[in-house]
Amino acid sequence: MNDYKIKTVIVDDEVRALRRMEILLKNFQEIEVLELLYDADRAIEFIIENEPDIAFLDIEMSGKTGLEIAEEINKNVLHTKIVFVSSHDHYAIKAIKNHAFDYLLKPVDIDDLKATIERYKAQMLSHLNRREYKVISLIAKGKSSKEIGNILHISHHTVDTYRRKILEKTECKNAAELIMYATKNNLI
């Protein structure tokens, strides 16, 4: 819809698995792979510095495991969603305890990956705050930024910032598309 990209990193100590996941993710134009990481310590540093939207973590790796990387992400209170990727399903309970967003089995199926990405996008919508919902409803009523600012007792510049963030979160290009989107998703 617009140019907003879901920023991701892939962490796996097997180069082949890294490349395969990268190829799968290239099927989704809304995804941007920031980095392919095979070293757990470097992965932790990179994730803390860049706070990607999603980190795809292999569980069984030499050195630190994906579960240990997830603990570091959680300790640093990052907003990065963790998707564990493993050849084994017996880590699922530990993954859930580490606040996993999802758990994909290798070899990753494109439909499972698509479902994960769609669920992430849907959850992004739930990150609209109360003020953003109010701005959307006023946009739907045809109010200008200046009028919205007067109603909400904020500057029109602040309203414009809200508009940009809302368009980014909803992946809409303009107000008309936003209104259609908001109607379709029962936001107004």
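Quick note: the coordinates plus some simple rules give every number you see, no bench work behind them. Bear in mind the structure is a predicted one, so any value in this text is a computation, not a measurement. We place every Cβ from the backbone using ideal geometry, glycine too, and count neighbours over all the protein chains shown.
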Long-range amide H partners of ILE6, meaning residues 5 or more apart or on another chain whose placed amide H is closer than 5 Å, are ILE31, GLU32
Cα-Cα longer than 32 Å, checked against LYS64/LYS165; LYS106/LYS165; LYS5/LYS184; LYS94/LYS169; LYS26/LYS141; LYS97/LYS184, kept in input order, equals LYS64/LYS165; LYS106/LYS165; LYS26/LYS141; LYS97/LYS184
Taking the dipole of the chain about the Cα centre (Lys, Arg +1; Asp, Glu -1; charges at Cβ), the one of LEU105, LEU67, HIS127 that reaches farthest to the positive side is HIS127
log10 I(q)/I(0) for the stretch 130-184, Debye formula on C-alpha points only (no solvent), q = 0.13, 0.27 Å⁻¹, two decimals, reads -0.25, -1.11
Along the dipole axis of the stretch 130-184 (charges at Cβ: +1 for Lys and Arg, -1 for Asp and Glu; origin at the Cα centre), the most positive-end residue among GLY142, MET180, ILE154 is ILE154
Neighbours of PHE101 by Cβ distance under 11 Å: Lys/Arg at +1, Asp/Glu at -1, summed charge 0
To the nearest 10 degrees, the tilt of helix 175-184 (Cα long axis) against the first principal axis of the alpha carbons of the chain is 70
Row for the stretch 6-125, column shape: gyration tensor on C-alpha, a ≥ b ≥ c, rounded if a/c < 1.5 i.e. under 1.5, prolate if a/b over b/c, else oblate; value rounded
Protection proxy (average C-beta count within 10 Å per residue), highest first, orders 65-72, 112-119 as 65-72, 112-119
If every Lys and Arg gets +1 and every Asp and Glu gets -1 at its Cβ, then about the Cα centre the stretch 130-184 yields a dipole, in debye to the nearest 20, of 140
About its Cα centre, the chain carries a charge dipole, from +1 on Lys and Arg Cβ atoms and -1 on Asp and Glu Cβ atoms, whose size in debye to the nearest 20 is 1240
